[in-house]
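The values are calculated or read from the model by the stated rules, or taken from the named source; none is laboratory data. Keep in mind that this is a model prediction, so the values were computed, not measured. Note that each Cβ is placed from the backbone with ideal geometry, even for glycine, and that neighbours are counted across all protein chains shown. Surface areas here come from the heavy atoms of the whole protein model, side chains and all, with no ligands, DNA or RNA. Shrake-Rupley method; radii C 1.70, N 1.55, O 1.52, S 1.80 Å.
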Amino acid sequence: MQKTLKEIAALIDGELVGDGNIKITGLDSIETARTGYLTFADENHVAAAKNSNASAVIVPKNFGGELPKNSIKAENPKFAFAKLMEIFKPQIDIPAGISDKAFIGKNVKISPTAKIMAFAYIDDNAEISDGAIIYPHVYIGQNAKIGADTIIYSSVTIREYCEIGARCVIHSSAVIGADGFGFTTKNDIHTKVPQIGNVIVEDDVEIGAHVGIDRAAMGSTVIGHGTKIDNLVHVGHNCKIGANCLLVALTGISGSTIVGDSVTFGGQTGTVGHIKIGGHSVYAGRSGITKNMPEGFFGSGFPVQPHNEWLRSQASIQKIPELIKKIRQLEKTISDLENKGREN
């Protein structure tokens with residue numbers, strides 16, 4: 001891939017400063033970019049970018065300081081750079097059609113434009129839509145549906161009756177539709193409750209490696225459109241995750257939790273089940289959510305509390321050793337005074 005700086009400026013609707021004819025052959029970070037490469041910088045890192053080996057830099061549109069020799073001013077440099085990464089990413093050649101080494105069950109509907117690679121297993125009555133790509137060792141269960149232009153990487157399991165929307169990406173070893181953790185207990189014996197629902201993943205969702213999303217006991221577990229899920233996340237049965245949420249690694253959402261739109265869960269956040277979490281909220285890493293939460297909340301800690309309160313409590317905790325030392329000094333002073341009083 002090679003483009004002139006002028007062409008790149010046009011692609012990201014940026015303002016060119018410098019030589020628009022220089023050739024850009026790759027993208028990289030400030031620290032490791034070399035000649036022929038493009039990098040980006042926020043206003044705090046423009047000086048570092050100027051001193052880097054990069055041939056050009058994307059900078060904030062409103063930056064008023066001295067610019068690198070060849071620059072593109074963009075409204076949001078990071079967003080613009082991400083758009084270019086999509087263009088410059090290495091292309092992978094995937095054979096068209098269905099590999100003769102794939103297993104295709106009975107009554108399966110596969111679009112002529114879908115790509116099914118070797119050793120994929122597409123079970124009876126499944127549906128694969130236009131442009132979908134199924135990598136090796138993927139299992140698509142009976143009556144499952146895969147939307148258009150969705151990519152499913154190797155060793156993913158999509159269980160029976162689950163539905164995946166359009167333009168989704170599911171990374172290796174994720175399991176969509178495993179049984180929910182449902183048991184009844186009598187006389188210390190745990191008896192399984194059949195999990196007869198499914199999972200519905202809406203359009204434009206990305207699901208990381210080794211994610212588990214459990215099927216509903218009845219009805220559907222739902223992942224809303226545009227939501228992005230990091231690696232090693234668990235979503236329990238009958239959860240409803242809203243649109244455009246972010247679930248960072250090691251988050252665990254207990255069963256029947258309802259999450260609003262645009263909620264961010266930091267790493268290792270956990271919830272109890274059967275609660276509602278308001279939309280447009282942020283929960284810092286390792287938050288423990290134990291009750292219904294309002295809209296627009298910024299929380300931290302366990303049990304979760306407003307972030308500012310949590311910061312104050314953490315600052316107070318840091319003072320505890322000093323307070324203990326002072327208390328011991330006071331106790332000694334009092335003891336000494338009491339001893340003197342007895343002597344008098």
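The rows are residues; the columns are (1) more than 29 Å from the chain's Cα centre (by Cα); (2) not small (Gly, Ala, Ser).
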| residue | (1), (2) |
| --- | --- |
| Leu67 | yes, yes |
| Ser71 | yes, no |
| Phe88 | no, yes |
| Ile104 | yes, yes |
| Asn107 | yes, yes |
| Ile110 | yes, yes |
| Ile116 | no, yes |
| Tyr121 | no, yes |
| Asp130 | no, yes |
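Residue-by-condition table, conditions (1) under 28 Å from Ala132 (Cα atoms); (2) open to solvent by 30 Å² or more (accessible area, probe 1.4 Å):
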position	(1), (2)
Ile22	no, yes
Glu31	no, yes
Gly36	no, no
His45	no, yes
Leu67	no, yes
Asn76	no, yes
Lys89	yes, yes
Ala102	yes, no
Lys106	yes, yes
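Among the candidates Val263, Val282, single out the residue that is modelled with pLDDT of 95 or more, out of contact with any Pro (no Cβ under 6 Å at 6 or more places or on another chain), surrounded by fewer than 21 Cβ atoms within 10 Å (Cβ to Cβ) and hydrophobic (A, V, I, L, M, F, W, C).
Of the residues listed, the single one that is modelled with pLDDT of 95 or more, out of contact with any Pro (no Cβ under 6 Å at 6 or more places or on another chain), surrounded by fewer than 21 Cβ atoms within 10 Å (Cβ to Cβ) and hydrophobic (A, V, I, L, M, F, W, C) is Val282.
Can you spot a residue in region 266-279 that is of a type outside the set (Phe, Trp, Tyr), touching a Lys or Arg at 6+ places or on another chain (Cβ under 9 Å) and at positive phi?
Within region 266-279, one or more residues are of a type outside the set (Phe, Trp, Tyr), touching a Lys or Arg at 6+ places or on another chain (Cβ under 9 Å) and at positive phi.
In region 70-110, how many residues are over 30 Å from Ala120 (Cα atoms) and touching a helix residue (DSSP H, G or I) at 6+ places or on another chain (Cβ under 8 Å)?
5
Is it the case that Glu309 is of a type in the set (Asp, Glu) and under 22 Å from the mean Cα position of the chain (by Cα)?
So Glu309 fails the test.
When residues of region 276-288 are filtered for being of a type in the set (Val, Ile, Thr) and either over 14 Å from Ser254 (Cβ atoms) or over 19 Å from the mean Cα position of the chain (by Cα) (or both), how many remain?
Here the count works out to 1.
Just to be sure, is Ile72 in contact (Cβ under 8 Å) with a residue 60 or more places away in the chain and among the aliphatic types (A, V, I, L, M)?
Against the criterion (in contact (Cβ under 8 Å) with a residue 60 or more places away in the chain and among the aliphatic types (A, V, I, L, M)), Ile72 qualifies.
Is one or more of the residues making up region 15-24 small (Gly, Ala, Ser), over 26 Å from Gln91 (Cα atoms) and outside any loop (DSSP other than H, G, I, E, B)?
no
Does region 51-62 include one or more residues that are of a type outside the set (A, V, I, L, M) and open to solvent by less than 20 Å² (accessible area, probe 1.4 Å)?
Checking region 51-62: at least one residue is of a type outside the set (A, V, I, L, M) and open to solvent by less than 20 Å² (accessible area, probe 1.4 Å).
Provide a single number: the residues in region 290-324 that are closer than 20 Å to Gly252 by Cα, open to solvent by 50 Å² or more (accessible area, probe 1.4 Å) and of a type in the set (Val, Ile, Thr).
Counting residues in region 290-324 that are closer than 20 Å to Gly252 by Cα, open to solvent by 50 Å² or more (accessible area, probe 1.4 Å) and of a type in the set (Val, Ile, Thr) gives 1.
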